[in-house]
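What follows is a short report on a single structure.
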Amino acid sequence: MAGTLAGVVLGLALAWLQGALLVGWLWPGRARPALALLALAFPAGLALSSSAFFLWSVASGGRVEVFPVLELLATAAAAVLARRRARRGRLLWPRPARAALAWGAPLLLVSLAGIVLALLIEASAAQPWGHWDAWAMINQKARYLAAGGDAWRWIFAGPPIHHRDYPLLLSASVARLWSWSAVLGAPGFALLAPQVLSLATFLACLAALVAPAALLCASGLAALVGLGFFALGWDLEWGAMQYADFAQATYLAWGAAVLALAARRPAAAERWCGLLGFLAGASAWCKNEGLAFAALLLVATVLALRPRGARAWMRLAGGALVAGLAVAVLKLGFAGRSRVFEARTRSVWTDLGDGERYRSLVGFLREHVGTNWSAGALLALLVAALLVPPVRRARRAWIPLGLALAQALVFALVMLTTREDFAWHLVTAADRLLLQVYPLALLGVAAALRPR
Amino acid sequence: MADPLDALRRLGALLAASVAAILCLRWPRAAWSPGWPVPDGHQASLTRCSERLAEVLADVPRDAPLGLLTPQKQGEPLDPVTNEGLEHLKATLAPRRLVEVAEAERVVAHARALVQLSKVPGFERLETVVPLVPGWVLVVREPR
């Protein structure tokens, strides 16, 4: 148990350090918001380390047992290099607030986060294998990836595993943690790794709302945005299901937030291109929905920032390649044809013209939000933000809101034209739509209400 | 010297936040599904199945050929409960490579598929059967 725990802790800490080095390098400007960088470093490190693990498996023929040592050496070398080339800059830490309300809201947020986390830990103990996607896909693939040798290729050629073409950010992360535990004398597939990772991505999603909100809008509102996250009610249960949806929501929120920050000063916008490209690649490496978001983010970047010159485009492409290379290798080299593009019994146009499907989708979402979400007032906030005439400075708020709307539209189109059973797909995917898009919309609402 | 009014305000805010936090303790419990976080019987049964299978297979070498047999008819989907069981077993068996039943030394089989299995050479008598959980058994091939 000690070796397993040490492997999980060390593996996660190292991923966080890698993320911090990468974000520290890509974040432009001398004034650096410390909490935001810390919050972004974790998801960035997960994307970086998991894609490196997968690419190493491909290149080395599955010699995963040496990966931890190589990873440690590479991270140490990067840290030394980063220290030598460190730019002059200063870290900005939040100042302690004097007003009772200003520190009461964060206190409440931390208390509520602690309570929810305790419940999620209880849920993880009660259902140690997580739910369907975890045991049938994510962690099953992780076992093959962690086994080494040729075993990792059996994901694509062995016993039928669902969604062989799916991106592997979580699977490779779980496998990587197992390889760290193995190096520390605890080989095997302890369920602790996916459980901890599930909770960590849940917290990362919360941080992906609060930290950017503190930069984009009035700082007092950031904690309220965090509290708004808990309006998801019992959908928060997904935090213990070992699914990739909160991780996906994290990359969506960060992608939109960084673009909104970059849009503040269009003249210096190209300096953000590397980070935006990386977040697009990380999103694509997380889930198939993330591929759609990556495309939307890149298009939005081009429209909002209008990058000029080869340097800006190189930064955008280079950033995207850091996490996106693994997606390209997976999709082009191993995954085969996606089920989405297989032969259909009904044409796409027939499905799109089927009014019953639209009614079912709207009815399901209405019922789900009505019965499961405990704070309909937050939806009222969204409507209010749409109705309140946007002030000039709030224009960038439309970036998260626009991306949320576009992502929801893509999601809905995929559901409406599904080649699976429509009712099944609706029940399976509609929750995910809400989980992934809601934080993004919340961020946009906050930025629209009180822009900084 | 600290302003006593300021200290009072801080204390008041702390009390208010504590009350709110206690309310929040009740809120998630009430807001979330009544059975959560305790899993339903089916979920618990799947976990037991995986634990039992891992226990049974602990001494079996990882490269030993294993088969998996379901009561699925060609082209027809499994019923949801059996399908969930099957996926859970596959998750437990991973990263073992599954082979065709005819080439396997051991077969994890659904009870409804045992008649089908008894027609495979080496599995005719079905005497060496290890129960896993209701519905699923492990069948070991008889010596050739």
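From the mean inverse distance of alpha carbon pairs (Kirkwood) and the Cα radius of gyration, derive Rg over Rh for the range A:127-282.
Details: Rg = 18.2 Å, Rh = 17.4 Å.
For the range A:127-282, the value is 1.05.
Note on the range A:167-217 and the range A:266-290: Cα centroid distance 20 Å, given to the nearest whole angstrom. Distance between the pseudo-spin-label points of A:Arg63 and A:Ala267 (7 Å out from Cα toward the beta carbon): 5.2 nm. Between A:Leu332 and A:Ala78, the simple spin-label model (points 7 angstrom out along Cα→Cβ) gives 2.3 nm.
Under the classification rounded if a/c is under 1.5, otherwise prolate if a/b is larger than b/c and oblate if not, where does the range A:217-324 fall, given a ≥ b ≥ c as square roots of the Cα gyration tensor eigenvalues? If you can, show how the numbers build up before the last one.
On the way: a/c = 3.15, a/b = 1.48, b/c = 2.12.
Taking the square roots of the gyration eigenvalues as a ≥ b ≥ c, the range A:217-324 is oblate.
Give the carbon-plus-sulfur fraction of the accessible surface of chain A in %, rounded to a whole number; probe 1.4 Å, heavy atoms of protein chains only.
Working: 12790 of 18910 Å².
Roughly 68 percent, rounded to a whole number.
The Cα center of the range A:102-137 and the Cα center of the range A:7-65 differ in position by 23 Å.
Picking from A:Ala78, A:Ser57, A:Ala34, whose Cα lies most toward the positive end of the charge dipole for the range A:30-95 (charges on Cβ: Lys, Arg +1; Asp, Glu -1)? Of the candidates, A:Ala34 comes out farthest on the positive side.
Can you give the local net charge around A:Ile155? Use residues other than it whose beta-carbon is closer than 9 angstrom to its beta-carbon, Lys and Arg +1, Asp and Glu -1. Intermediate values should be presented prior to the final figure.
Working: positive: A:Lys141, A:Arg153, A:Arg164; negative: none.
Net of charged neighbours comes to +3.
Mark the label point 7 Å from the Cα of A:Val302 along Cα→Cβ and return the residues of the range A:396-421 whose backbone N is within less than 18 Å of it. Residues passing the 18 Å test: A:403, A:406-407. Note on the range A:393-447: semi-axes of the ellipsoid equivalent to its C-alpha gyration tensor, largest first and rounded to whole Å, are 27, 11, 4.
What dipole magnitude, in Debye to the nearest 20, does the range A:1-117 give about its Cα centre under +1 on Lys/Arg Cβ and -1 on Asp/Glu Cβ?
Roughly 820 debye for the range A:1-117.
Note on A:Leu5 and A:Trp349: with the Förster distance fixed at 56 Å, the Cβ-Cβ geometry gives a FRET efficiency of about 0.55. In this structure, A:Ile121 and B:Val81 have a Cβ-Cβ separation that, at R0 = 45 Å, corresponds to a calculated FRET efficiency of about 0.95.
Would you mind working out the magnitude of the charge dipole of chain A relative to its Cα centre, with +1 at each Lys and Arg C-beta and -1 at each Asp and Glu C-beta, to the nearest 20 Debye?
Working: 40 positive and 19 negative charges, 499 e Å.
That gives a dipole near 2400 debye.
Its relative contact order, with pairs defined as Cα atoms under 8 Å and 6+ residues apart, puts chain A at 19 percent. Scaling the Cα radius of gyration of chain A by the globular reference 2.2 N^0.38 Å produces a ratio of 0.95.
Quick one: ranking B:Lys119, A:Lys141 by accessible area, 1.4 Å probe, largest first, what do you get? Present the calculation step by step, with values, prior to reporting the outcome.
Values: B:Lys119 160, A:Lys141 5 Å².
Highest to lowest solvent-accessible surface, that is B:Lys119, A:Lys141.
For chain A, hydrophobic long helices are taken as DSSP H runs at least 27 Å long by C-alpha position along their axis with mean Kyte-Doolittle hydropathy of 1.0 or more; these are A:2-26, A:34-60, A:100-126, A:192-216, A:309-329, A:422-449.
Near B:His88: Cβ cut-off under 12 Å, other residues only, Lys/Arg at +1 and Asp/Glu at -1. The net charge is 0. Model label points for B:Lys119 and A:Leu409, set 7 angstrom from Cα along the Cα-to-Cβ axis, are 5.5 nm apart. Placing unit charges on the Cβ atoms only, positive for Lys and Arg and negative for Asp and Glu, gives the range B:61-144 a dipole magnitude near 160 debye about its Cα centre. Buried area at the B:A interface is about 3500 square angstrom, summed over both chains, from accessible surfaces computed with a 1.4 angstrom probe.
The values are calculated or read from the model by the stated rules, or taken from the named source; none is laboratory data. Note that the structure is a prediction, hence the values are computed from the model and not measured. Every residue, glycine as well, gets a Cβ built from its backbone with ideal geometry; the counts of neighbours run over all protein chains shown. Areas reflect the complete protein model, heavy atoms only, side chains present, ligands, DNA and RNA absent. Shrake-Rupley method; radii C 1.70, N 1.55, O 1.52, S 1.80 Å.
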